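Since the structure comes first, as structure tokens, the remarks are kept for the end.
The values are calculated or read from the model by the stated rules, or taken from the named source; none is laboratory data. Note that the coordinates shown come from a computational prediction; the quantities given were computed from them, not determined experimentally. All Cβ positions, glycine included, derive from the backbone under ideal geometry; neighbour counts span all protein chains shown.
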């Protein structure tokens, strides 16, 4: 049995290192980066305290305030990826007050645990990969040695193009190799990739089909998944004989061997601890549930949703299909534009649980120019790489970058300000002809300059109403 690592600590980085890593992908917003970097470093500091004091130190939850498209979600997502912490992004608007139809607020914690389980499982699969691949290879050789339908060595040898192919160069055509020699020959052929299209026959476990049994049950998806898993375990496992090519069988056999090596219960325990100690929940659109009064008619009380979220943020125990989890030390990062409301419209108890507030700045022309070229995954680099696959070498001049950023800022000012997301629509519009013709006609070098950009955006820039719908 594979021993699952019990190390659940994060990657330990200093605040400066965290900000430096975030700078590779996110332009500007220095204040927000500093705040989240300090919050993350405080987790490292807490783990170094005595156990009794650790329980007393609570995370300082954060509210990010700023318009859409300025980097709120990306900062939180990159932060979690940077330290390999379980992370989920949820929308505050999809939760409802207890007693109404909709998702209950505890589902965000169940989602976090599910993410943690998948994360730990992937790590352990990678750790087990060498042993699982070795075992799968041995089983493949056994199956090839036996031959299809258990026909024995002679039946298998007859399946090759020639006997000399089975015996590998240097063997006698009229001599049948012994078992060990044949196995060595098979290993050599398999490693050389010459048996990929051969068929093997073996038994696989057929999972019981239980989906139809829950079609009409109106329960949360997490609960439904737990019921489905329980029923699958209760129903008898069936083995069926199947035949497939070597290249397909390798994956099936690998998956079976990995399952034998992993300890599912220990993975769950590690995942629960990692979610408790390192988990990050990003609650977007928190401003949409701000306000003390419900709307007219059957609208669900926004204040009621806040009061349901409060115990989760304060610290409570939530039952999941993998076990109970405490939310005391989960870091909550809330975000919202707060155009029609303000953070003080949240109920006082919830405000107190988000002591840190940081305002993200709206993006200006210079910010948009930097976003186009500076990040490691910048949009310009993405489009250059995409079109290179069709033999087109895109080249953007400096004045083209200036014009793209200026156009995006202008349309944002004239219509709804969607921040950096505006650049996606503008670039698609500018490169539409090249993208369409690239596979068939456009080959070689294509230079995109300011005139090229103006020509393709002229109609949209002139027609403000049209630009609202297309960009």
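The table that follows gives values for the structure above.
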quantity: Filter pass, residue 251 being over 22 Å from residue 82 (Cα atoms), surrounded by fewer than 23 Cβ atoms within 10 Å (Cβ to Cβ), modelled with pLDDT under 90 and in the same structural domain as residue 86 (by TED's automatic domain parsing); calculated: no
quantity: Condition met for residue 48 (outside the structural domain of residue 419 (by TED's automatic domain parsing) and surrounded by fewer than 17 Cβ atoms within 10 Å (Cβ to Cβ)); calculated: yes
quantity: Counted residues, region 34-90 - those being under 24 Å from residue 338 (Cα atoms) and outside any helix (DSSP H, G or I); calculated: 17
quantity: Among (1) surrounded by 15 or more Cβ atoms within 10 Å (Cβ to Cβ); (2) more than 25 Å from residue 416 (Cα to Cα); (3) without any contact (Cβ under 8 Å) to a residue 40 or more places away in the chain, the one test that residue 373 misses; calculated: (2)
quantity: Criterion violated by residue 194 - all others in (1) more than 30 Å from residue 280 (Cα to Cα); (2) at pLDDT 80 or above; (3) part of a helix (DSSP H, G or I) satisfied; calculated: (3)
quantity: Contacts under 6 angstrom Cβ, first residue in region 445-460 being surrounded by fewer than 12 Cβ atoms within 10 Å (Cβ to Cβ), partner in a strand (DSSP E or B), 6 or more apart; calculated: 445/393; 447/395
quantity: Residue check, residue 384 surrounded by 15 or more Cβ atoms within 10 Å (Cβ to Cβ), under 28 Å from residue 436 (Cβ atoms) and touching a strand residue (DSSP E or B) at 6+ places or on another chain (Cβ under 7 Å); calculated: yes
quantity: Condition met for residue 350 (within 30 Å of residue 305 (Cα to Cα) and in contact (Cβ under 8 Å) with a residue 12 or more places away in the chain); calculated: yes
quantity: Residue under evaluation residue 17, criteria (1) closer than 30 Å to residue 381 by Cα; (2) at pLDDT below 85, criterion not met; calculated: (2)
quantity: Test set (1) in a helix (DSSP H, G or I); (2) at pLDDT below 90 - residue 26 fails condition number; calculated: (1)
quantity: Some residue of region 446-454 being touching a helix residue (DSSP H, G or I) at 6+ places or on another chain (Cβ under 8 Å), under 23 Å from residue 70 (Cα atoms), at pLDDT 85 or above and outside any helix (DSSP H, G or I); calculated: no
quantity: Any hit, region 422-434, residues being buried (at least 16 other Cβ atoms within 10 Å of the Cβ), over 30 Å from the mean Cα position of the chain (by Cα) and in a loop (DSSP other than H, G, I, E, B); calculated: no
quantity: In region 405-421, the residues that are part of a helix (DSSP H, G or I) and touching a helix residue (DSSP H, G or I) at 6+ places or on another chain (Cβ under 9 Å); calculated: 405, 406, 407, 408, 409, 410, 411, 412, 414
quantity: Helices (runs of 4 or more DSSP H) contained entirely in region 99-177, each with at least 2 residues that are surrounded by fewer than 18 Cβ atoms within 10 Å (Cβ to Cβ), within 33 Å of the chain's Cα centre (by Cα) and at pLDDT 75 or above; calculated: 107-146
quantity: Tabulated pairs, region 119-135, first more than 13 Å from residue 259 (Cα to Cα), second surrounded by fewer than 14 Cβ atoms within 10 Å (Cβ to Cβ), C-beta under 8 angstrom, 6+ apart or interchain; calculated: 123/5
